[in-house]
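This report refers to the structure that appears directly beneath it.
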Amino acid sequence: MHKSSFFAEVNKMFDHAAKYTEHDSGLLEQIKSCNSVYHLSFPLVRDNGEIDVIHAYRAEHSQHMQPTKGGIRYAPMVNADEVMALAALMSYKCAIVDVPYGGAKGGICIDRNKYSQSELERITRRYTFELAKKNFIGPGIDVPAPDYGTSSVEMSWIFDTYRSVTDNPLDALACVTGKPVGAGGVRGRIEATGRGVFFGIREACSIEEDMHALGLSSGIEGKRVIIQGLGNVGYHTALYLERAGAIIVGIAEYDGGLYNSKGLILNEIVDHRKETKSILNFPGATNVKNSATLLEMECDILVPAALENQIRSDNADRIQAKIVAEASNGPVTSAAGQSMTERGILIIPDVYLNAGGVTVSYFEWLRNLSHVRHGRISRRREAHNAVNILKTVQALVGKNFDDQVLSDIESGSSFGASEADLVDSGLEDTMVSAYHEIHTEAHSHDVDLRTGAFISAIDKIALGYSRGGIFP
Ligand code: GLU
């Protein structure tokens, strides 16, 4: 099957939205273009002494705000077109949720399962060193994060390598986000993207007229969900949806899928995968040989949470879901998106929906630059204030609270926002506000949510350029 350029796909979506704005065509061209792409290759001496040539990339799409920001993926299909497209999506994503970065994305063209842990460490450190040499990484330049095939482990190697070469070690922690908690990471980053996807879906499902138009009732409770991809994002999205009362009827993975119209219990599937190395053959569920078929099965909400280019012109007409929630980047091509929108399917677009990861990365970066844990300075003060208020209430009503309640609050153990609470509430507020912003934009132009989201991004980036890149 012919795979069109991913970057061209993103640009089609951009061009469609740009028609609804009044910006100068030259400025639109500047916003759209990818400012820099670095393709590097270096040798890896493998554990057995053989030499592999490793190809890697970093694309910085837009410097209208700095640093640029975006993940690093390890996958065999990584190429320049892909990182440019993903970097562009990062620029628009950051603008939509008011996170003050330009977009970037990097990738190393490897199948990580074919390399040992120490080989992966050498690859990651060399990649970081090469980026540093060319000024493609730094707290104020370009800040990577985890993406498909990477996690906090690679991020800590990146930090450690950068720290050893920089002449500004004081701020070195802020050169990368998604680090382990206890090593500069922020609580809540691992689950952030999936948690953000959940907040976005919840918000969409809370708008009664929109749900009515789809023939659905409002709220998450009872909604039947199919998830494609049970990685970090897919797992956490499914977890929060399940906790809110959704029924997970299908899960697709690279080697096939599972379906049970009565519902699957997420953690039972995860335990089964731990034991057998596959989600398949789970007792009580039907195996679906070809995981692509699972996308086409009956459900209310379909969540693609794997890779790009999953719903295209050749399968879009068979999608039965009423809502497609794009947890991954670029799962739906522009033509497929258009035809599904015409069929009345509500698409919650990736540029908005998976922005939770970079939002919490922003909180981590702020923590690293301020050198203090969120809530550390104010938490105890909040507890004292609460006790003072309660004591005043006691005096007014002439009734005493339990001493234990007051001393628990005073000790800070049961009062005052912890870092995890603050991160979660910041994430929720960001996702809820941004949903209403893109929804309003879409309604005022009578367009779909993706176009509304792109219009919002274009306007904000244009403003960023006109201000010379001042924070919003
Ligand atoms: N890789 C994630 C994304 O695509 C997170 C990027 C970041 O935190 O910088 O949004």
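Every read-out reported here was derived from the displayed coordinates using simple, explicitly stated rules and does not represent laboratory data. Small disclaimer: the values here were computed from a predicted structure and weren't measured. For neighbour counting, all protein chains shown are included, and Cβ atoms are generated from backbone atoms with ideal geometry for every residue, glycine included.
Side notes on the structure shown:
- Cα lying deepest toward the dipole's positive end in the chain, options LEU241, VAL288, THR166, charges on Cβ: THR166
- Theoretical FRET efficiency, 1/(1+(r/R0)^6), r = Cβ-Cβ of ASN287 and GLU410, R0 45 Å, to 0.05: 0.20
- Rounded if a/c under 1.5, otherwise prolate or oblate - the chain, Cα gyration tensor axes: rounded
- By DSSP, the beta bridges lying fully in the chain are antiparallel in about 45 percent of cases.
- Taking every alpha-carbon pair under 8 Å whose residues sit at least 6 apart, the chain reaches a relative contact order of 16 percent.
- Taking Cα centre as origin and charging only the Cβ of basic (Lys, Arg, +1) and acidic (Asp, Glu, -1) residues, the dipole magnitude of the range 195-306 rounds to 360 debye.
- Prolate/oblate/rounded label for the range 188-272 (Cα gyration tensor, a/c 1.5): oblate
- Using only side-chain charges placed at the Cβ, +1 for Lys and Arg and -1 for Asp and Glu, the dipole size of the range 34-98 relative to its Cα centre rounds to 200 debye.
- Spin-label model, VAL153 to GLU50: label points 7 Å out along the Cα-to-beta-carbon direction sit 2.2 nm apart.
- Cβ-Cβ distance of GLU29 and ASP111, R₀ of 45 Å, FRET efficiency by 1/(1 + (r/R0)^6): the value works out to about 0.75.
- Burial order of peptide ranges 238-246, 210-218 (average beta-carbon count within 10 Å, highest first): 238-246, 210-218
- Per-residue Karplus couplings for the range 62-79, computed as 6.51 cos²θ - 1.76 cosθ + 1.60 with θ equal to phi - 60°, are listed in order as 9, 9, 5, 9, 10, x, 8, 8, x, x, 10, 10, 10, 7, x, 8, 4, 8 Hz, Gly and Pro entered as x.
- In the chain, helices alone account for a calculated mean residue ellipticity at 222 nm of -15000 deg cm²/dmol, with every DSSP H run of four or more residues adding -39,500 (n - 2.57).
- Those lysines that a straight Cα-Cα span of less than 20 Å connects to LYS19, excepting residues fewer than 8 apart in one chain: LYS32, LYS93, LYS460
- Taking other residues whose beta carbon is less than 12 angstrom from the beta carbon of GLU419, and scoring Lys, Arg as +1 and Asp, Glu as -1, yields +3.
- Sparse packing (at most 10 other Cβ atoms within 10 Å of the Cβ) combined with a DSSP loop state is found for the following GluC sites (Glu not before Pro) in the range 1-44: GLU22.
- Sorting the segments 105-118, 58-71, 148-161 by their residues' average number of neighbouring beta-carbon atoms within 10 angstrom, most packed first, yields 58-71, 148-161, 105-118.
- Estimated FRET transfer efficiency (HIS39, VAL181; beta-carbon r; R0 22 Å; 0.05): 0.05
- Relative contact order of the range 14-169, pairs being alpha-carbon contacts under 8 Å that are 6 or more residues apart, as %: 23 percent
- Cα-based shape type of the range 210-319, given that a ≥ b ≥ c are square roots of the gyration tensor eigenvalues and the cut on a/c is 1.5: oblate
- Magnitude of the charge dipole, the range 162-228, Cβ model with Lys/Arg +1 and Asp/Glu -1, debye to 20: 380 debye
- Linear extension gain, LYS274 paired with ARG243, 0.36 nm per residue minus alpha-carbon span: 9.0 nm
- Built amide H within the under 5 Å cut-off of ILE348, gap 5+: VAL324, ALA325, GLU326
- Packing, taken as the mean count of other beta carbons within 10 Å per residue, orders the peptides 312-325, 82-95 from highest to lowest as 82-95, 312-325.
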